[in-house]
Structure formats: structure tokens, C-alpha cells
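Everything below concerns the one structure shown next.
The values are calculated or read from the model by the stated rules, or taken from the named source; none is laboratory data. This one's a predicted model, so the numbers in the text were calculated from it and none came from an experiment. With ideal geometry, Cβ positions are generated from the backbone for all residues, glycine too; neighbour counts draw on all protein chains shown. The protein model used for the area step is the full one, side chains on, heavy atoms only, and it has no ligands, DNA or RNA in it. Shrake-Rupley method; radii C 1.70, N 1.55, O 1.52, S 1.80 Å.
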Amino acid sequence: MFSTEQQGRVFGALDAFAIEIPSWGFANTGTRFGKFVQAAAATTIEEKFADAAEVNRLTGVTPTLALHVLWDLPNGLKDVSKIKALEASTGVAAGSINPNLFQDAEYKFGSICNPDAEVRAKATEHLVDSVEIGNALGAREVSLWIADGSNYPGTQSVRRRIGWMKEALATTHAALAPGQVMLVEYKPFEPAFYHTDIADWGMALELARSAGPQAKVLVDTGHHYQGTNIEQIVAWLIELDALGGFHFNDRKYADDDLTLGSIDPYQIFRIFHEILFEQSRGAGFAPPAFMIDQSHNLKGKVEAMVQTVATAQELYAKASLVDQTKLAELQDACSLVEAEELFRGAFWQDVRPLVQEWRKEHGLPPEPLAALREGGYVEKITEERKAKNAGGVSSYA
Ligand code: LRH
Ligand code: MN
């Protein structure tokens, strides 16, 4: 049983919890070995917003949809009015704007780090366009993942590429409107397999800082070598006021983009703890953007998204059960076992009845996954989209 104080802490945390979902999570995706086309997959921006609206209807905590520019606004600024109309009709707002600098043929040897100045200029122009799209949509985050790198030692100058990258990011930062935030995402490898130009949090931090005050670091939980202490990186980025956001997913091996909490739910709990600890210090900490970044190659896409959001809520509720004051006392007393039992004890708690209570109090279905099945939404979109999807898919997403 939970005390009133515990219930209050969980409800308070859930009241403040929101997580952004990715448009590409609803689309047909796969691996380099193939894509398993799903009849219900979204192939248009209208369908992606419709699926996002269903997830938000069921969970109440996904008010924004992350957009990937070339996949969702292929005509750039000209598509803004269409997005605004979809925002009005679905009640879901455009979220972070993600440029695409990894699929054009010209970017074979890099985009903003390419030795060819013309290619760098084209890439920088796309980044500035993405900022303008974000500004036109009133979207706060412009989220940059730069896939640039090389596959063989000696084939590229890592040093000179740093300079080119800094130039492009400075130009992009200069285009930001007040209030916009530029997120720099790091990734140790893939698609490049010898060096990646933005490979870890230190590189992303330095690039964000040299770009300007509106630049922060984005932590994708799948972008770390095995054994990396991700919550320690989070603690450092908070310390340095450089934590801009998260891409949550899970993985067993590399950047597997599996559903959050499917492999190591304790990892996400430990990250949420660092966030809630900082909030408990009451120093006006602005929580970073919570976003999901997954590719649902085998699970039903809407089902996987609803499952992910519910899991994220439950792990956040567990982390909010940690008595920060008591834990600090035990930590300072070096009462190791007591501290661990208090910390991990919160993780062991089954908060689902409390989260279901919170959902009921907010007029939401206590079990969103069951409500999805009962509502027949997936059957409906399967009928509507199966013919189109039968023809296979063109691009990655
Ligand atoms: C790169 C990444 C990036 C997105 C892409 C879909 O691995 O995490 O955030 O642009 O996935
Ligand atoms: Mn990501």
C-alpha cells in the first residue's frame, strides 16, 4: 500500500510528465537486411498525426510529434501550413524538428564535415531551413543528429572536419529565434564504422558550447558503448547546464532502437532519478525534453508506442518514490546497503495501480493498451492502409 505522501509524490510527478513521440515510429522501418511492411503503417504525414492523436487520446501525455524534415516536410517551409492544419485537426502539436543530413548521395563523405565546401554549404542551408521551419511552427527544439564520419583510418582529417562542423553549427545557431533550442545529438558509430564526427557527450558538449547559448546536448540512450554509465553523463550535463533532451529507447547490443524498458528498465529509472533529484533541489531546474526515438520493425507501431509511453510513465512514477532527503542522509553516512535498498526499493514497487488511479482521475483509460485494443483503431487503419502498404515502401521511413 502507498502512503498519502507517496501517492502525492507520484501524482505530482505524473502531472508534470510529458513525452514526445516520433513520426517515424509509425512508419515502415527496418534494418539493412530488410523491412517487414505492416498493413497499418503510416505513410503520410496525415496518418502519422492521426496515429499520434490516438496515442495522446489514450495516454494524455504525448501532446507533441517529432518531425523529420525530409520525411515529413519534403517541401520544406511550403509544408508548414499543412502541418498547422493537422495540428488544429488532431490537437497534436509539431514537436522537435529533425533535419535529414544522412540520406542524400552528396553526403556520402559527410554533410557539414564533408571536404567539399559546396556540400557543406548545402548541408548548412538544410540546417538553417530546419530552424526556420521550427520557428514558423513555433516548435522549440531543432534536434541535430549528424551521421558524418569515415570508415577507414587515414581517409579523412578528423581535425579539419571539427573546424568545418563548428562553422556550420555557428551559422545554424545564429539563425535561431529567441526561445529556440538547438540540440546536438552524439552517437559513437553507425552508419560510420571507423570515426563518427560527433561520437560522445564531450564532443557534443564542446560543439554546443562553441555554437552558442541556445545549444544543448541530446542524450539518445542507445548511443553509448556497452558499459557506459549513462546516468553519470546525465548528472554531468545537468551540472554543466547543458542537458537539452533525451531520445529514449532500449538496446541489448548497439543502437537497436527497441522499446523503452524492454531490455533494461532499471537504466531508465536511474536516469529519471537524476532528473527528479535535480528538481528536488528546487534550484529552478528546467527539465529537459523527453522524447522517444524508436523504430518498431516487428511490434505493431501504434501498440508499441502506447506500450512505451505507459512504461515511461510507470518508470517515472517509480523514480518519484525515492525519498531524496532520506537517500542523501544514507549516502552521506555511507550506509551502502540501506541506501541501495531505499533506492532500488522504489524500483521494485509496482506503481501500476497508482498510475491507473492517476489516469482515471484525469479522465483517461486506466490501461491504455487494453483501451487501444478495445477501441479498434488498429483494425480501422489496417483496412484503410493495407492496399497502399501492400505495394511495399519507398524510403527508410
Ligand atoms: C540516429 C537517430 C537520430 C534520428 C534517427 C531516426 O540513430 O537516433 O536521432 O534522426 O535515429
Ligand atoms: Mn536519436
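Distances over 14 Å make up what percent of all Cα-Cα pairs in the range 11-94?
Taking all Cα-Cα pairs of the range 11-94, the fraction more than 14 Å apart is 65 percent.
Taking the Cα centre as origin and putting +1 on Lys and Arg beta-carbons and -1 on Asp and Glu beta-carbons, what dipole magnitude results for the chain, to the nearest 20 debye?
Roughly 780 debye, rounded to the nearest 20.
All other residues with a Cβ under 13 Å from the Cβ of His195 taken together, and with Lys, Arg as +1 and Asp, Glu as -1, what is their net charge?
Spelling it out: positives minus negatives among the neighbours equals 0.
Hey, if we sort Ser130, Ser210 by accessible area with the 1.4 Å probe, largest down, what's the order?
Ser210, Ser130
Taking the Cα-to-Cβ direction at Tyr225 and at Thr31 and moving 7 Å from each Cα, how far apart do the two end points lie in nm?
Label-label distance for Tyr225 and Thr31, simple model: 2.3 nm.
With the Cα gyration tensor of the range 115-264 giving a ≥ b ≥ c as the square roots of its eigenvalues, does the rule (a/c under 1.5 for rounded; else a/b larger than b/c for prolate; else oblate) give rounded, prolate or oblate?
oblate
What's the local net charge at Leu73, with K and R +1, D and E -1, over the other residues with C-beta under 10 Å away?
Every neighbour counted, the sum reads -1.
Can you divide the C-alpha Rg of the range 2-153 by 2.2 N^0.38 Å and report the result to two decimal places?
1.25
Of Thr31, Thr196, which has the most accessible area with a 1.4 Å probe, and how do the rest follow in descending order?
Sorted descending by solvent-accessible area, the residues read Thr31, Thr196.
Hey, any idea what Rg/Rh is for the range 323-369, computing Rh the Kirkwood way over Cα pairs?
1.24
Modelling each spin label as a point 7 Å along the Cα-to-Cβ direction, I'd like the Trp348/Ala370 distance in nm, to one decimal.
2.7 nm
For Ala16 and Ala121, what does the FRET efficiency come to when R0 = 45 Å and r is the distance between their Cβ atoms, rounded to the nearest 0.05?
Computed FRET efficiency for Ala16 and Ala121 comes out at 0.60.
Extending each Cα 7 Å along its Cβ direction at Asn75 and Gln7, get the distance between those two points in nm, one decimal.
Distance between label points: 5.3 nm.
Where the Cα atoms of the chain are projected onto their three principal axes, how long is each span, largest first, in whole Å?
Dimensions of the chain along the principal axes of its Cα atoms: 63, 55, 40 Å.
Using a Förster distance of 30 angstrom, determine the FRET efficiency expected from the C-beta separation of Arg160 and Lys299, and round it to 0.05.
Result of the calculation: an efficiency of 0.10.
In whole Å, what are the extents of the range 63-104 along the principal axes defined by its C-alpha atoms, from largest to smallest?
Taking max minus min along each principal axis of the Cα atoms, the range 63-104 gives 32, 20, 10 Å.
Any idea what % of Cα-Cα pairs in the range 84-179 are farther than 23 Å?
In whole percent, the long-distance tail amounts to 32.
Per the Kirkwood definition applied to all pairs of different Cα atoms, how many angstroms is the hydrodynamic radius of the range 169-255?
Value: 13.4 Å, from the Cα pair sum.
Among the lysines, which have Cα under 26 Å from the Cα of Lys326 when same-chain residues fewer than 8 positions away are ignored?
Lys318
If you take every DSSP beta bridge fully contained in the range 170-278, what fraction is antiparallel? Give it as a percent rounded to 5.
Antiparallel bridges: around 10 percent, rounded to the nearest 5.
Extension gain Glu190-Lys252, at 0.36 nm per residue separation less the Cα-Cα distance, in nm?
My answer for the length gained is 20.8 nm.
What accessible surface, in Å², does a 1.4 Å probe find on Glu367, ignoring ligands, DNA and RNA and rounding to the nearest 10?
For Glu367, solvent-accessible area is about 110 Å².
Can you give me the solvent accessible area of Phe193 with a 1.4 Å probe, rounded to the nearest 10 Å²?
The accessible area of Phe193 comes to roughly 120 Å².
If I compute solvent accessible area with a 1.4 Å probe over the protein chains, what percent of it on the chain is carbon and sulfur?
Roughly 54 percent of what the probe reaches on the chain is carbon or sulfur.
In Å², and per residue, what accessible area does the chain have when probed at 1.4 Å with the other protein chains present?
Ligands and nucleic acids excluded, the figure is 44 Å² per residue.
What percent of all Cα-Cα pairs in the range 229-344 falls into each 5 Å bin, going from 0 up to the bin containing the maximum distance?
2, 11, 19, 22, 19, 13, 9, 4, 1, 0
Expressed as a whole percent, how much of the Cα-Cα distance distribution for the range 303-349 exceeds 12 Å?
Looking at the range 303-349, the distances longer than 12 Å represent 63 percent of pairs.
Using heavy-atom solvent-accessible surface (probe 1.4 Å) with all chains present, what is the largest-first order of Phe11, Phe26?
So the residues, ranked largest to smallest area, are Phe11, Phe26.
Taking a probe of 1.4 angstrom, what is the accessible area of Tyr152 in Å², to the nearest 10?
We get 150 Å² for Tyr152.
Among bridges DSSP assigns within the range 16-105, what percent are antiparallel (round to 5)?
DSSP beta bridges in the range 16-105 are roughly 25 percent antiparallel.
Per the helix-only calculation at 222 nm, which mean residue ellipticity applies to the chain, given -39500 (n - 2.57) for every DSSP H run of n ≥ 4 and division by its residues, nearest 500 deg cm²/dmol?
-15500 deg cm²/dmol, from helical runs alone.
Can you list the residues of the range 275-298 with backbone N under 15 Å from a point 7 Å past the Cα of Glu338, pointing along Cα to Cβ?
Backbone N within reach: none found.
Sort all Cα-Cα distances of the range 216-280 into consecutive 10 angstrom bins from zero, then give the percent of pairs in each bin up to the one containing the longest distance.
Percent of pairs per bin, in order: 22, 57, 21, 1.
Of the beta bridges DSSP finds with both residues in the chain, what % are antiparallel, to the nearest 5?
Around 15 percent of the beta bridges assigned by DSSP in the chain are antiparallel ones.
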